[in-house]
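Asks: Encoded as C-alpha coordinates, here's the structure I'll be asking about.
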Amino acid sequence: EYIERTIDHAEQTNASAVLIEITTPGGLVDSTRKIVERMLASKVPVIVYVTPAGSRAASAGFFILEAADVAAMSPGTNTGAAHPVMMGEKMDDVMKSKVENDAAAFMRSYTSKRGRDVTVAESAVRESKSWTDQEAIDKHLIDVIAKDEADLWKQLDGRNITRFNGDKQTLHFNNVQVEDFKMTLRQGILAWLMDPNIAFLVLALGALALYAEFNHPGAVIPGVVGLVAIVIAVFALN
(Lines give C-alpha, C1' and ligand atoms only; values in the text may rest on other atoms or scores of the structure.)
Protein backbone atom coordinates (compact mmCIF):
# COMPACT_ATOMS: atom_id res chain seq x y z
CA GLU A 1 0.00 0.00 0.00
CA TYR A 2 2.83 2.38 0.89
CA ILE A 3 4.68 1.79 -2.39
CA GLU A 4 1.49 1.94 -4.47
CA ARG A 5 0.60 5.27 -2.85
CA THR A 6 4.12 6.61 -3.47
CA ILE A 7 4.08 5.69 -7.17
CA ASP A 8 0.58 7.17 -7.55
CA HIS A 9 1.87 10.44 -6.07
CA ALA A 10 4.91 10.43 -8.37
CA GLU A 11 2.69 9.98 -11.43
CA GLN A 12 0.31 12.73 -10.35
CA THR A 13 3.16 15.20 -9.80
CA ASN A 14 5.10 14.18 -12.95
CA ALA A 15 8.15 13.25 -10.92
CA SER A 16 11.37 12.33 -12.70
CA ALA A 17 11.51 8.99 -10.91
CA VAL A 18 10.64 7.07 -7.75
CA LEU A 19 13.56 6.01 -5.56
CA ILE A 20 12.97 3.05 -3.26
CA GLU A 21 15.75 2.56 -0.73
CA ILE A 22 15.57 -1.00 0.51
CA THR A 23 17.05 -3.29 3.13
CA THR A 24 15.08 -6.47 3.78
CA PRO A 25 15.49 -10.17 4.60
CA GLY A 26 12.39 -10.90 2.51
CA GLY A 27 8.62 -11.05 2.78
CA LEU A 28 5.37 -12.55 1.54
CA VAL A 29 5.03 -13.66 -2.09
CA ASP A 30 1.59 -12.07 -2.52
CA SER A 31 2.82 -8.70 -1.27
CA THR A 32 5.90 -8.97 -3.48
CA ARG A 33 3.79 -9.65 -6.56
CA LYS A 34 1.62 -6.59 -5.86
CA ILE A 35 4.71 -4.40 -5.46
CA VAL A 36 6.32 -5.73 -8.64
CA GLU A 37 3.08 -5.36 -10.63
CA ARG A 38 2.77 -1.71 -9.57
CA MET A 39 6.43 -1.03 -10.39
CA LEU A 40 6.14 -2.54 -13.87
CA ALA A 41 3.00 -0.49 -14.59
CA SER A 42 4.49 2.77 -13.28
CA LYS A 43 4.41 5.73 -15.67
CA VAL A 44 7.57 7.09 -14.09
CA PRO A 45 10.89 5.20 -13.80
CA VAL A 46 11.40 3.28 -10.57
CA ILE A 47 14.87 3.05 -9.04
CA VAL A 48 15.54 0.46 -6.33
CA TYR A 49 18.66 1.13 -4.27
CA VAL A 50 20.00 -1.34 -1.69
CA THR A 51 21.53 0.87 0.98
CA PRO A 52 23.30 1.61 3.35
CA ALA A 53 26.46 -0.51 3.48
CA GLY A 54 25.78 -3.78 5.25
CA SER A 55 22.20 -3.95 3.94
CA ARG A 56 20.68 -6.70 1.82
CA ALA A 57 17.84 -7.27 -0.61
CA ALA A 58 17.29 -10.94 0.05
CA SER A 59 14.48 -13.26 -1.04
CA ALA A 60 11.48 -11.03 -1.87
CA GLY A 61 13.84 -8.05 -1.92
CA PHE A 62 15.69 -9.61 -4.86
CA PHE A 63 12.44 -9.86 -6.86
CA ILE A 64 11.78 -6.17 -6.20
CA LEU A 65 15.36 -5.17 -7.05
CA GLU A 66 15.24 -6.98 -10.41
CA ALA A 67 11.87 -5.41 -11.28
CA ALA A 68 13.27 -1.86 -11.16
CA ASP A 69 14.00 0.31 -14.19
CA VAL A 70 17.34 0.93 -12.50
CA ALA A 71 18.74 -1.53 -9.95
CA ALA A 72 21.44 -0.06 -7.72
CA MET A 73 23.43 -1.17 -4.69
CA SER A 74 25.76 0.46 -2.21
CA PRO A 75 29.25 -0.99 -1.69
CA GLY A 76 29.18 -3.65 1.02
CA THR A 77 25.63 -4.87 0.31
CA ASN A 78 24.32 -8.20 -0.99
CA THR A 79 21.29 -9.67 -2.72
CA GLY A 80 19.79 -13.01 -3.81
CA ALA A 81 18.70 -16.10 -1.83
CA ALA A 82 15.22 -15.96 -3.34
CA HIS A 83 14.09 -19.58 -3.05
CA PRO A 84 10.43 -19.62 -1.87
CA VAL A 85 9.53 -21.28 1.42
CA MET A 86 6.30 -22.01 3.31
CA MET A 87 6.31 -20.49 6.79
CA GLY A 88 5.90 -23.14 9.50
CA GLU A 89 5.11 -25.87 7.00
CA LYS A 90 7.14 -28.60 5.33
CA MET A 91 6.33 -28.99 1.65
CA ASP A 92 6.18 -32.34 -0.13
CA ASP A 93 8.16 -32.75 -3.36
CA VAL A 94 5.21 -31.92 -5.63
CA MET A 95 4.28 -28.73 -3.77
CA LYS A 96 7.93 -27.70 -3.51
CA SER A 97 8.33 -28.12 -7.28
CA LYS A 98 5.15 -26.16 -8.02
CA VAL A 99 6.10 -23.24 -5.78
CA GLU A 100 9.67 -23.15 -7.10
CA ASN A 101 8.62 -23.26 -10.76
CA ASP A 102 6.01 -20.55 -10.20
CA ALA A 103 8.54 -18.25 -8.54
CA ALA A 104 11.14 -18.94 -11.26
CA ALA A 105 8.62 -18.14 -14.03
CA PHE A 106 7.67 -14.94 -12.22
CA MET A 107 11.32 -13.91 -12.14
CA ARG A 108 11.82 -14.70 -15.84
CA SER A 109 8.66 -12.85 -16.85
CA TYR A 110 10.18 -9.42 -16.28
CA THR A 111 13.94 -9.85 -15.82
CA SER A 112 14.58 -10.32 -19.54
CA LYS A 113 12.70 -7.12 -20.40
CA ARG A 114 14.89 -5.27 -17.94
CA GLY A 115 17.98 -6.38 -19.90
CA ARG A 116 19.36 -8.47 -17.06
CA ASP A 117 20.77 -11.99 -17.06
CA VAL A 118 17.71 -14.25 -16.77
CA THR A 119 19.66 -17.46 -16.11
CA VAL A 120 21.68 -15.96 -13.27
CA ALA A 121 18.60 -14.27 -11.77
CA GLU A 122 16.70 -17.56 -11.88
CA SER A 123 19.52 -19.32 -10.02
CA ALA A 124 18.69 -17.13 -6.99
CA VAL A 125 15.26 -18.78 -6.99
CA ARG A 126 16.21 -22.37 -7.79
CA GLU A 127 19.57 -22.58 -6.00
CA SER A 128 19.29 -19.76 -3.42
CA LYS A 129 22.44 -18.12 -4.80
CA SER A 130 23.47 -14.73 -3.43
CA TRP A 131 25.85 -12.02 -4.65
CA THR A 132 27.76 -9.05 -3.36
CA ASP A 133 27.29 -5.69 -5.04
CA GLN A 134 30.35 -6.21 -7.28
CA GLU A 135 29.32 -9.75 -8.19
CA ALA A 136 25.80 -8.55 -9.00
CA ILE A 137 26.99 -5.88 -11.42
CA ASP A 138 29.52 -8.26 -13.03
CA LYS A 139 26.72 -10.77 -13.64
CA HIS A 140 24.40 -8.10 -15.08
CA LEU A 141 21.88 -8.27 -12.25
CA ILE A 142 22.13 -4.58 -11.36
CA ASP A 143 23.02 -1.41 -13.24
CA VAL A 144 24.88 0.80 -10.78
CA ILE A 145 27.02 0.70 -7.66
CA ALA A 146 26.69 4.03 -5.87
CA LYS A 147 28.35 4.99 -2.60
CA ASP A 148 25.51 7.33 -1.61
CA GLU A 149 22.41 9.04 -2.97
CA ALA A 150 24.35 11.96 -4.44
CA ASP A 151 26.63 9.55 -6.30
CA LEU A 152 23.55 7.68 -7.55
CA TRP A 153 21.99 10.82 -9.06
CA LYS A 154 25.32 11.76 -10.65
CA GLN A 155 25.74 8.35 -12.31
CA LEU A 156 22.15 8.21 -13.55
CA ASP A 157 21.96 11.74 -14.95
CA GLY A 158 21.74 11.45 -18.74
CA ARG A 159 21.42 7.66 -18.66
CA ASN A 160 19.23 6.06 -21.33
CA ILE A 161 16.86 3.34 -20.14
CA THR A 162 14.23 1.11 -21.74
CA ARG A 163 10.93 1.00 -19.88
CA PHE A 164 9.03 -2.25 -19.38
CA ASN A 165 6.68 -1.37 -22.26
CA GLY A 166 9.64 -0.89 -24.60
CA ASP A 167 9.68 2.94 -24.58
CA LYS A 168 13.08 4.63 -24.52
CA GLN A 169 13.70 7.34 -21.92
CA THR A 170 16.62 9.51 -20.82
CA LEU A 171 16.95 10.23 -17.11
CA HIS A 172 17.67 13.80 -15.99
CA PHE A 173 18.77 14.35 -12.41
CA ASN A 174 20.84 17.52 -12.63
CA ASN A 175 20.08 19.59 -9.49
CA VAL A 176 17.44 17.03 -8.54
CA GLN A 177 15.05 17.87 -5.69
CA VAL A 178 14.19 14.85 -3.58
CA GLU A 179 10.84 14.63 -1.79
CA ASP A 180 10.82 12.21 1.13
CA PHE A 181 7.41 10.55 0.89
CA LYS A 182 6.34 9.41 4.35
CA MET A 183 3.90 6.74 5.44
CA THR A 184 0.49 7.92 6.63
CA LEU A 185 -0.13 7.80 10.37
CA ARG A 186 -2.22 4.63 9.92
CA GLN A 187 0.52 2.93 7.86
CA GLY A 188 3.14 3.97 10.40
CA ILE A 189 1.16 2.50 13.29
CA LEU A 190 0.49 -0.74 11.40
CA ALA A 191 4.16 -1.04 10.42
CA TRP A 192 5.13 -0.54 14.08
CA LEU A 193 2.66 -3.20 15.22
CA MET A 194 4.00 -5.68 12.63
CA ASP A 195 7.35 -5.77 14.45
CA PRO A 196 7.35 -9.28 16.00
CA ASN A 197 8.81 -7.92 19.25
CA ILE A 198 6.03 -5.33 19.57
CA ALA A 199 3.37 -7.88 18.62
CA PHE A 200 4.59 -10.24 21.34
CA LEU A 201 4.58 -7.46 23.96
CA VAL A 202 1.01 -6.52 22.98
CA LEU A 203 0.00 -10.19 23.29
CA ALA A 204 1.61 -10.40 26.73
CA LEU A 205 -0.15 -7.19 27.78
CA GLY A 206 -3.47 -8.64 26.65
CA ALA A 207 -2.91 -11.85 28.59
CA LEU A 208 -1.99 -9.93 31.77
CA ALA A 209 -5.05 -7.71 31.41
CA LEU A 210 -7.35 -10.73 31.04
CA TYR A 211 -5.67 -12.33 34.05
CA ALA A 212 -6.42 -9.19 36.06
CA GLU A 213 -10.05 -9.29 34.89
CA PHE A 214 -10.44 -12.94 35.98
CA ASN A 215 -9.04 -12.06 39.41
CA HIS A 216 -11.28 -8.99 39.74
CA PRO A 217 -14.59 -9.85 38.05
CA GLY A 218 -16.64 -6.86 37.03
CA ALA A 219 -13.68 -4.50 36.64
CA VAL A 220 -14.51 -4.39 32.89
CA ILE A 221 -11.63 -2.17 31.78
CA PRO A 222 -8.89 -4.85 32.11
CA GLY A 223 -11.07 -7.29 30.19
CA VAL A 224 -11.74 -4.85 27.37
CA VAL A 225 -8.09 -3.79 27.15
CA GLY A 226 -6.96 -7.42 27.22
CA LEU A 227 -9.37 -8.51 24.48
CA VAL A 228 -8.43 -5.60 22.20
CA ALA A 229 -4.70 -6.19 22.76
CA ILE A 230 -4.98 -9.90 21.96
CA VAL A 231 -6.98 -9.24 18.78
CA ILE A 232 -4.35 -6.69 17.64
CA ALA A 233 -1.51 -9.09 18.47
CA VAL A 234 -3.12 -11.99 16.57
CA PHE A 235 -3.65 -9.69 13.56
CA ALA A 236 -0.01 -8.56 13.66
CA LEU A 237 1.41 -12.06 14.09
CA ASN A 238 -0.77 -13.35 11.25
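Asks: With the condition kept exactly as written, say whether any residue in the stretch 165-173 is out of contact with any Gly (no Cβ under 9 Å at 6 or more places or on another chain), surrounded by 14 or more Cβ atoms within 10 Å (Cβ to Cβ) and of a type in the set (A, V, I, L, M, F, W, C).
Replies: no
Asks: Of all residues in the stretch 19-37, which are surrounded by fewer than 18 Cβ atoms within 10 Å (Cβ to Cβ), part of a helix (DSSP H, G or I) and at pLDDT 95 or above?
Replies: Within the stretch 19-37, R33, K34, E37 meet the criteria.
Asks: Something else now. Restricting to the stretch 38-52, name every residue that is open to solvent by less than 60 Å² (accessible area, probe 1.4 Å) and either in contact (Cβ under 8 Å) with a residue 60 or more places away in the chain or outside any strand (DSSP E or B) (or both). Before the answer, list the steps.
Replies: Let us first name the residues in the stretch 38-52 that are open to solvent by less than 60 Å² (accessible area, probe 1.4 Å), namely 38-40, 42, 44-51.
The answer is R38, M39, L40, S42, V44, P45, I47, Y49, V50, T51.
Asks: Name every residue in the stretch 209-238 that is more than 18 Å from L193 (Cβ to Cβ), open to solvent by less than 50 Å² (accessible area, probe 1.4 Å) and within 39 Å of the chain's Cα centre (by Cα), in order of residue number.
Replies: Residues of the stretch 209-238 that are more than 18 Å from L193 (Cβ to Cβ), as a first pass: 210-224.
Retained after the next criterion (residues that are open to solvent by less than 50 Å² (accessible area, probe 1.4 Å)): 210, 212-213, 219, 222-223.
Within the stretch 209-238, L210, P222, G223 meet the criteria.
Asks: Looking only at the stretch 1-18, count how many residues are surrounded by fewer than 18 Cβ atoms within 10 Å (Cβ to Cβ) and part of a helix (DSSP H, G or I).
Replies: 7
The values are calculated or read from the model by the stated rules, or taken from the named source; none is laboratory data. Treat the numbers as computed from the prediction; the structure is a model and nothing was measured. We place every Cβ from the backbone using ideal geometry, glycine too, and count neighbours over all the protein chains shown. Note: accessible area is taken over every heavy atom of the protein model, side chains too, but ligands, DNA and RNA are not part of it. Shrake-Rupley method; radii C 1.70, N 1.55, O 1.52, S 1.80 Å.
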